[in-house]
1. Taking R0 as 41 Å, what FRET efficiency do you get between S60 and W157 from their Cβ-Cβ distance, rounded to the nearest 0.05?
2. Under the rule of -39500 (n - 2.57) per DSSP H run of 4 or more residues, summed and divided by the residues of the chain, what mean residue ellipticity at 222 nm is obtained, to the nearest 500 deg cm²/dmol?
3. At what distance in nm do the modelled label points of L67 and L110 sit from each other, each positioned 7 Å from its Cα along Cα→Cβ?
4. Run the quick spin-label model on W77 and K231: label points 7 Å from Cα toward the beta carbon, then report their separation in nm to one decimal.
5. Apply the a/c threshold of 1.5 to the C-alpha gyration tensor of the range 86-165 and tell me whether it is rounded, prolate or oblate.
6. Quick one: longest stretch of the chain between exposed loop trypsin sites (Lys or Arg not before Pro), exposed meaning at most 15 other C-beta atoms within 10 Å and loop per DSSP?
7. Listing T156, T210, T251 from the residue with the fewest other Cβ atoms within 10 Å to the one with the most, what is the order?
8. Would you work out if the range 2-266 is rounded, prolate or oblate? Take a ≥ b ≥ c from the square roots of the eigenvalues of the alpha-carbon gyration tensor; rounded if a/c is under 1.5, else prolate when a/b is larger than b/c, oblate otherwise.
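No value in this document is a laboratory result; all are computed from the given coordinates. What you see is a predicted model, and the numbers here were worked out from it, not measured in a lab. Positions of Cβ are generated from backbone atoms using ideal geometry, with glycine treated the same way; all protein chains shown enter the neighbour counts.
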Amino acid sequence: MLKQRILTALLLAPLALAALFLLPQNAFEWVAAAIFLYGSWEWGNLCRLKAPNRLLYVLSMAGGMALVATLAPLQPWVLAAALVFWLLALFLVRHYPQSARHCGPLSGLLMGGLVLVPSWHALVALRELDQGLIWLLLLLVLVWGADIGAYFAGKTWGRNKLMPAVSPGKTREGAVGGLLACVLAGLGFSVGLELSLPQSVYLVLLSLLTGLVSVLGDLFESLLKRERGIKDSGSLLPGHGGVLDRIDSLTAAAPVFLVGLYFLNGV
């Protein structure tokens, strides 16, 4: 399984970086939309939708993306809704399994819209910023760093479970290792971008917060999978499960990172 996981990662990472640096903005938006819409197909499965209704759900997500892309005044509200939702998700994860009664199929479908549409918009908006490619690269480094750092720190030093009712494999030591990787990434980019000391401190703190939220995104999807009684959201990616299993951390991290960057120049 580990060998298959590594081989898939070696294929996916160059594709992700190629999409990041080589595609024009319009093409990037379409590719990201395709990924997130496939994620909405898997989300429909988490909510126990049968195939015909899942297709309708995917189409509704596509409509939501089109609406957000077309109506600029709506975009800040979509990001605000995402931030409020992730506070709710923190409550649901923290109090699971008692909170499971709030995670039924109908509420789950609504949650999917609050997760997938804002995160897709955040990625698109992030790439459009000044130095957008650099910021998008940092976001990916933070998400990947939190995941990889947690994996190796957990394997080496992991003793205490982080959220055993939600994800028994995650440890507090692993989480600390992943967050340390985020801090180092924030420091590295601050030096490379030649930021002022206050801006550097702010970016490191934002990197730490982004890493924390990325862990929340992973835990929240684990909660939904546990309620659904499945291990992976899908089987599209050998060794990695489904698309949602690869973008769950990103869906939480992207809106938070984008909103945080809006305040960087004011520091």
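1. 0.40
2. Working: 9 runs with 205 residues, N = 267.
Mean residue ellipticity, 222 nm, calculated: -27000 deg cm²/dmol.
3. The modelled label-to-label distance comes out at 1.4 nm.
4. 4.4 nm
5. Details: a/c = 3.59, a/b = 1.15, b/c = 3.11.
Oblate, since a/c reaches 1.5 and b/c is not below a/b.
6. Values: sites that count: R48, K50, R159, K231.
Maximal segment without exposed cleavage sites: 51-158.
7. Working: T156 10, T210 27, T251 31.
Going from sparsest to densest Cβ surroundings: T156, T210, T251.
8. rounded
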